[in-house]
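Worksheet: one structure, shown below.
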Amino acid sequence: MKSYIVEGGHCLKGEVSVSGSKNAALPIIAATLLNRGISTLYHVPKIHDTKIMLEILEILGCQIHINSDKIVIDSSKVDRYEIPECLMREMRSSVILAGAIIGRYKRARFSYPGGCDIGARPIDLHLEAFKKMGIEIEEESGFIHCSCDKITGAEIALDFPSVGATENIILAAVLAEGKTVIKNAAMEPEIIDLQNFLNEMGACVSGAGTKEIEIIGVSELHQVTYKVMPDRIEAGTLLCAAAITGGDVVIKEVNTDHLTPVIHKLEECGCEFQIFPEELYIKAPQRLKAVDIKTMPYPGFPTDMQSIFSSILTNAKGTSVIIENIFENRYKYTSELKRMGAKITIEGKTAVIKGVKKLSGTSVNSTDLRGGAALVIAGLVAKGETKINHIEYILRGYENLDEKLRKLGANIRKEEGE
Ligand code: UD1
């Protein structure tokens, strides 16, 4: 078990750069299967989830060379269409490979995906959409087998703007026959990044970032070089770290447009900003003010920032009400925050947080990726030392979080336990 030990009470100051986006990099890596050739990617974060995604591609037959910030993936010799169960269980996003593998092979075999335990996370929307595109689905003993003679473009109206389902449909549609239209598509910036990547390799995708996406199938794709967009959730996490410590921080290499809902809430909390297109300066007050939050699909407040924001509200002045609308089980981390002295009550999808003057350091357990990050943020201001256990969850999605926080003046170290 690996842990972080954080000593509270250090005000963050200085400059820090944001890594490439996890949620953009994962579908883009999956999409490299489609071009039967070479894809060169830059700015892929070096985290556990991208490592697993690359491992799966290697098992499928891709040749991969990593040289510092550059990853070269050669998918010309891919000869398997089955995702190994153990790796599928490691990471929910591996389901994104289904659309890419089917797009390439007209067949795919995989088990139900794993990932963070933040809710049921079904894949019914993905499978329904595949069926509409002429793909037959058979389910047997936890395995899903997809096959078809050809993929045909279809009009698909999603019941909910699922990010993963939108991406999977796009990936399956790129080499399909005819036109696919996705209505009520997810509008997240990571989908625009996927569209840009696919179009750079010869696909014909338009409308990403709006509710309606159109994909006109093409017969082949070509070699591509692409730089992944900055990680808006990592940027938001660093902003919250600055905010809770009363800090004064510049966040660099970021797309500030993607952070609008988070910036607005931090302003409501009393933080001041100077905003440039790729750089952001935050100055936080001595004590934040309480605010209310409802998570929503983009451009609403991101569910991935819910735990991290709740963490900074635990010692804000006043009472905050949080409503989690996306995942039904995303408050597990609150029992750990309570061990640090936070006053939080949960009822269904609502959390009520009464700000306390001081949290106190103790030993706590990460429950999921963002919940783990929330505990690190709380540790930055807690009295004494906070030991955050099971940081394997955090390492799935954050590249060098401890190093970045240290650069800003935090006292945090990693401990490798048994
Ligand atoms: C992606 C992000 C994740 C983020 C989430 C919501 C990646 C790798 N992960 O996850 O960080 O928190 O978007 O912004 O990009 N649903 C169904 N049936 C389906 C699919 C989804 O009911 O077939 C439900 C889910 O249970 C959930 C909601 O839709 O309640 C949102 O899920 P979705 O947008 O699909 O999230 P992911 O793509 O899994």
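Observations on the model:
- Hits in the range 314-351 - residues which are farther than 19 Å from residue 296 by Cα and of a type in the set (A, V, I, L, M): 316, 337, 340, 342, 344
- Members of the range 36-51 found to be surrounded by fewer than 24 Cβ atoms within 10 Å (Cβ to Cβ) and either among the polar types (S, T, N, Q) or in contact with a Leu (Cβ under 6 Å, 6 or more places away or on another chain) (or both), listed by number: 40, 48
- Hits in the range 12-54 - residues which are in a loop (DSSP other than H, G, I, E, B) and polar (S, T, N, Q): 19, 21
- Under the condition of being open to solvent by 50 Å² or more (accessible area, probe 1.4 Å), of a type in the set (A, V, I, L, M, F, W, C) and in contact with a Cys (Cβ under 9 Å, 6 or more places away or on another chain), the residues counted in the range 132-188 number 0.
- Leading residue by the ranking (most open to solvent (accessible area, probe 1.4 Å)) among those in the range 329-364 that are closer than 16 Å to residue 294 by Cα and of a type in the set (Lys, Arg): 349
- Top-ranked residue of the range 60-79 - restricted to ones that are touching a strand residue (DSSP E or B) at 6+ places or on another chain (Cβ under 9 Å) and over 21 Å from residue 222 (Cβ atoms), ranked as surrounded by the fewest Cβ atoms within 10 Å (Cβ to Cβ): 69
- Some residue of the range 56-72 being among the small types (Gly, Ala, Ser) and modelled with pLDDT of 90 or more: yes
The values are calculated or read from the model by the stated rules, or taken from the named source; none is laboratory data. From a predicted model like this one, the values you see are computed outputs, not experimental measurements. Quick reminder, even Gly has a Cβ in these numbers, built from the backbone with ideal geometry, and neighbours come from all protein chains shown. Just so you know, the surface numbers come from the protein's heavy atoms only, side chains and all, with ligands and any DNA or RNA stripped out. Shrake-Rupley method; radii C 1.70, N 1.55, O 1.52, S 1.80 Å.
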